[in-house]
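What follows is a short report on a single structure.
The values are calculated or read from the model by the stated rules, or taken from the named source; none is laboratory data. All values reported here derive from a predicted model rather than from experimental measurement. Glycine also receives a Cβ, built like all others from the backbone with ideal geometry; neighbour counts cover every protein chain displayed.
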Amino acid sequence: MVLVVLSAIVLLLSLFFSFNLIKRFYFIELEADIFGDFRNVLRVLHSYSNPYNTGISSTDVSYPPFALILFFPYLIFFVFSFISESAPYYISLIFCLLIPICVLTYLYLKFFNNKKKYVACIFLVFPFMFLFHRANILIYCYMFVMLFLAYYKSDNKIKRELSLLALAAAAAIKIYPLVFLMLLFVNGRFSDIVKTVVYFLLLFFVPFLFFQGGFNNIGYFMRNMFFFSGNVIDYSKIKWDNYSMVTVLQFVSLFFKGSINSNTIISANSILTVLFVVSVIVSSMIIKSDWKVYALLALCITAVPIISFIYTQVFFIPAFICFIKAKGKSKKDIWYFILFLIILLPLNRFIFSYNHPVVNWPIDFPWYYNNPYAPFAEGWQPFENPINTLIAVLAMALMYLTIITDSVVMFICSVRSKGFKNALISLLPLNKNNKESQINNV
């Protein structure tokens, strides 16, 4: 009963929040780059024979070729350019967003046993609304990850194989979903890991042949990736719409030293990334709750890449779904519920809007957007500011520390009951039975 009441509250809050977000973008901030990620890539594909080497560095695409292939069918809608210059983009956009929305609706309904109120709640969480607003190709990446999570424990062999292909497809779009291979590793499915990696390599490299220049575009792709990251990240300055570990280190350095040393940030980020990934691997082998493992993997996706925008937080949604459906919750799980809400439903954004006085930092504060001399990021991401970023990052850090603490406690209990040696042996994937999924197999 408590969960039903909480879910109803979350639904109402998400409706209120999301509608206000839409109102802000579509009726107030009309200069915001609405659906820009989709339009920009489609424009390049239509205008240039080789999107990886257009001759204009700022136009060259940094998406893997498999991601670009997903745009190919929408080029046909340029036959409607006689209506208006923007008509092909908006007509194709409808289909681009409709496909993943339909697939995700089907999966969500299955996960929640056709309880539509839960489905509406999940669709209206902030990271997904932001992803929808940008129409970024990540929406397909997320769709494939959800397909993998739905079927990877299925009793049906064909569905299990398709789930591996779905994970490979997700990784061929954004690479970092490969962290979900951990779910196969902890269950000792090493042959499936090999097959997924093979699928990924084929989907990642073979599509280069669909573009002028073939495999020579691999070099251009790498160049474009470094060009993009080099123009987005400045280790000596803070970019407040970046949720990665880099931003945390920059803020800590600034707080204690009054300045940011680029070399120190790079070195510290490398060391902490290794420690972070190792802790996630070990904890994933200890923890018995699927939703906690999913949350750790979502943390990897959000914190480890040097560039991590708001929409990467959609990968917390599977963990949240598992959490809602999990049985045997205790009172302490309300803490996790609060952290999920802060990440997925950050109501603080109503209080700390982008032009709130509390974020009007001194002009020499070391952070930057398009205009490095602006006191705050007006005109770039109008819903983002330092306070909101820090709140979200703090929530993710607390979730990480709480799950890691839970895993340590579980291992200590295992040592007391089995002995240290047997406790270690029991963690090995070859000695672990497949854990019962907390999401019903579709």
Task: Residue match in segment 193-202 (condition: of a type in the set (Phe, Trp, Tyr), farther than 23 Å from Val103 by Cα and either surrounded by fewer than 19 Cβ atoms within 10 Å (Cβ to Cβ) or modelled with pLDDT of 95 or more (or both)) - done: no
Open item on the list: Which condition from (1) surrounded by 13 or more Cβ atoms within 10 Å (Cβ to Cβ); (2) under 25 Å from Ala169 (Cα atoms); (3) of a type outside the set (A, V, I, L, M) is the one that Phe78 breaks?
Closed with: (2)
Open item on the list: Quick check on my filter: what residues within segment 41-55 are outside any loop (DSSP other than H, G, I, E, B) and either under 25 Å from the mean Cα position of the chain (by Cα) or of a type outside the set (S, T, N, Q) (or both)?
Closed with: Val41, Leu42, Arg43, Val44, Leu45, His46
Task: Which listed residue is more than 22 Å from the chain's Cα centre (by Cα) and of a type in the set (D, E, K, R), from Lys257, Lys239 - done: Lys257
TODO: Only residues that are touching a Pro at 6+ places or on another chain (Cβ under 8 Å) and either buried (at least 24 other Cβ atoms within 10 Å of the Cβ) or at pLDDT 95 or above (or both): list them for segment 302-311, please.
DONE: Ile310
Task: Among the candidates Ser57, Ser84, residue that is touching a residue at least 40 places away in the same chain (Cβ under 8 Å), surrounded by fewer than 14 Cβ atoms within 10 Å (Cβ to Cβ) and in the same structural domain as Pro207 (by TED's automatic domain parsing) - done: Ser57
- [ ] Please state which of the following conditions Leu254 fails to meet, knowing it meets all the rest: (1) surrounded by fewer than 16 Cβ atoms within 10 Å (Cβ to Cβ); (2) out of contact with any helix residue (DSSP H, G or I) (no Cβ under 9 Å at 6 or more places or on another chain).
- [x] (1)
Open item on the list: Quick test of your reading of the structure: Pro372 fulfils all but one of (1) part of a loop (DSSP other than H, G, I, E, B); (2) modelled with pLDDT of 80 or more. Name the failing condition by number.
Closed with: (2)
Open item on the list: Cβ contacts < 7 Å: first residue not assigned by TED's automatic domain parsing to the domain that holds Leu162, restricted to segment 192-220; second residue of a type in the set (Phe, Trp, Tyr), any location; separation 6+ or different chain. Result?
Closed with: none
Open item on the list: I'd like the full set of residues that are of a type outside the set (Val, Ile, Thr), in contact (Cβ under 8 Å) with a residue 60 or more places away in the chain and in a helix (DSSP H, G or I), limited to segment 224-244.
Closed with: Asn224, Met225, Phe227, Phe228, Ser229
Open item on the list: Six or more apart or on different chains, Cβ atoms under 8 Å: show the pairs whose first residue is in segment 109-134 and in contact (Cβ under 8 Å) with a residue 40 or more places away in the chain and whose second is surrounded by 17 or more Cβ atoms within 10 Å (Cβ to Cβ) and among the basic types (Lys, Arg).
Closed with: Phe111/Lys325; Phe112/Lys325; Phe126/Arg349
TODO: Could you pull out the residue among Ile122, Ile101, Ile94 that is assigned to a helix (DSSP H, G or I) and crowded, with 21+ Cβ neighbours inside 10 Å?
DONE: Ile122
- [ ] Could you please let me know if Thr273 is assigned by TED's automatic domain parsing to the domain that holds Ile317, under 21 Å from the mean Cα position of the chain (by Cα), at pLDDT below 90 and surrounded by 15 or more Cβ atoms within 10 Å (Cβ to Cβ)?
- [x] no
Open item on the list: Exactly one condition in (1) of a type outside the set (D, E, K, R); (2) in contact (Cβ under 8 Å) with a residue 60 or more places away in the chain; (3) surrounded by 15 or more Cβ atoms within 10 Å (Cβ to Cβ); (4) within 30 Å of Phe340 (Cα to Cα) is false for Pro64; which is it?
Closed with: (4)
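For Ile76, are the conditions met, namely being over 24 Å from Gly214 (Cα atoms), assigned by TED's automatic domain parsing to the domain that holds Leu167, of a type in the set (Val, Ile, Thr) and not in a loop (DSSP other than H, G, I, E, B)?
The answer is no for Ile76.
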Open item on the list: Against the conditions (1) modelled with pLDDT of 90 or more; (2) of a type outside the set (Asp, Glu); (3) touching a Leu at 6+ places or on another chain (Cβ under 6 Å); (4) assigned by TED's automatic domain parsing to the domain that holds Ile391, where does Ile260 fall short? Just the number, please.
Closed with: (1)
- [ ] Looking at (1) at pLDDT 90 or above; (2) under 19 Å from the mean Cα position of the chain (by Cα), find the lone condition where Thr247 falls short.
- [x] (1)
Task: Residue in segment 198-221 that is part of a helix (DSSP H, G or I), under 23 Å from Leu299 (Cα atoms), in contact with a helix residue (DSSP H, G or I) (Cβ under 9 Å, 6 or more places away or on another chain) and not small (Gly, Ala, Ser) present - done: yes
